[in-house]
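Below is one structure, written out as structure tokens; the observations come after it.
The values are calculated or read from the model by the stated rules, or taken from the named source; none is laboratory data. Quantities reported herein were computed from a predicted structural model and do not represent experimental measurements. Here the Cβ positions follow ideal geometry from the backbone for every residue, glycine too, while neighbour counts run over all protein chains shown. The protein model used for the area step is the full one, side chains on, heavy atoms only, and it has no ligands, DNA or RNA in it. Shrake-Rupley method; radii C 1.70, N 1.55, O 1.52, S 1.80 Å.
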Amino acid sequence: MNWMIYALSAPFLNSIDSLGEKFLVDKRVNDAIVVVLNEGLIYFLFGISILFWHRIAFLPFLQTTALLISGILFIWYLIPYFKALNSEDTSRVIPLFQLIPLFVLVMSFVFLRETITIVEFLGFVVILIGVFILTAEKNEEKIFTIRPAFWYMMLSCFLYACTPILR
């Protein structure tokens, strides 16, 4: 039964993190770029310290460049994410991270020549329908429009999804 504690602790800790980020964006930090630069600096210093303490074989230039771009995109996804958090409620923003597997699926099909099974395609459609239902907003004219946070999260998920494709 210990597995249940581990299975439930990950979403619980993730929700606490998301609420903390919402508080940070709303109350403490005026510009999301400051948070992103601080986090990027911490990752950079941690990476440099690993190079000094461990013997790591150097990679060819193309692979090193792809990994560096991947790391930069992994940090930059936070900028539109924080903007989405600033413009919308956390409970509407966080489920939009389900777009990441969709982007990975499409980019792996296009760039890596992966094949998509029927089950994967059906999962793609179900997630896409769920995302549009979640982001739809009813106007006075009874026409559904997409919330602005959706577009920020599209960019955020795209940047995040680029990292496994580049690795």
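A few points about this structure:
- Only one of the numbered conditions (1) surrounded by fewer than 11 Cβ atoms within 10 Å (Cβ to Cβ); (2) over 22 Å from the mean Cα position of the chain (by Cα) is not met by Leu59, and that is (1).
- Residue match in segment 17-25 (condition: open to solvent by less than 50 Å² (accessible area, probe 1.4 Å), among the basic types (Lys, Arg) and either in a helix (DSSP H, G or I) or farther than 23 Å from Trp151 by Cβ (or both)): yes
- Answer residue from segment 113-134, given it is open to solvent by 90 Å² or more (accessible area, probe 1.4 Å) and aliphatic (A, V, I, L, M) and is nearest to Arg92 (Cα to Cα) among those: Ile133
- Only one of Phe150, Phe103 that is modelled with pLDDT of 90 or more and out of contact with any Asp or Glu (no Cβ under 7 Å at 6 or more places or on another chain): Phe103
- Here the condition is being at pLDDT below 85 and touching a helix residue (DSSP H, G or I) at 6+ places or on another chain (Cβ under 9 Å); of Arg92, Arg55, it holds for Arg92 alone.
- Which listed residue is over 16 Å from Tyr152 (Cβ atoms) and touching a Phe, Trp or Tyr at 6+ places or on another chain (Cβ under 7 Å), from Leu105, Leu51, Leu59: Leu105
- Count of residues meeting criterion [without any contact (Cβ under 8 Å) to a residue 12 or more places away in the chain and either in contact with a helix residue (DSSP H, G or I) (Cβ under 9 Å, 6 or more places away or on another chain) or over 24 Å from Leu166 (Cβ atoms) (or both)] in segment 107-116: 3
- Residue within segment 81-99 that is open to solvent by 90 Å² or more (accessible area, probe 1.4 Å), closer than 22 Å to Arg167 by Cα, of a type in the set (A, V, I, L, M, F, W, C) and within 16 Å of the chain's Cα centre (by Cα) present: no
- Subset of segment 50-97 [among the hydrophobic types (A, V, I, L, M, F, W, C) and assigned to a loop (DSSP other than H, G, I, E, B)]: Ile56, Ala57, Phe58, Leu59
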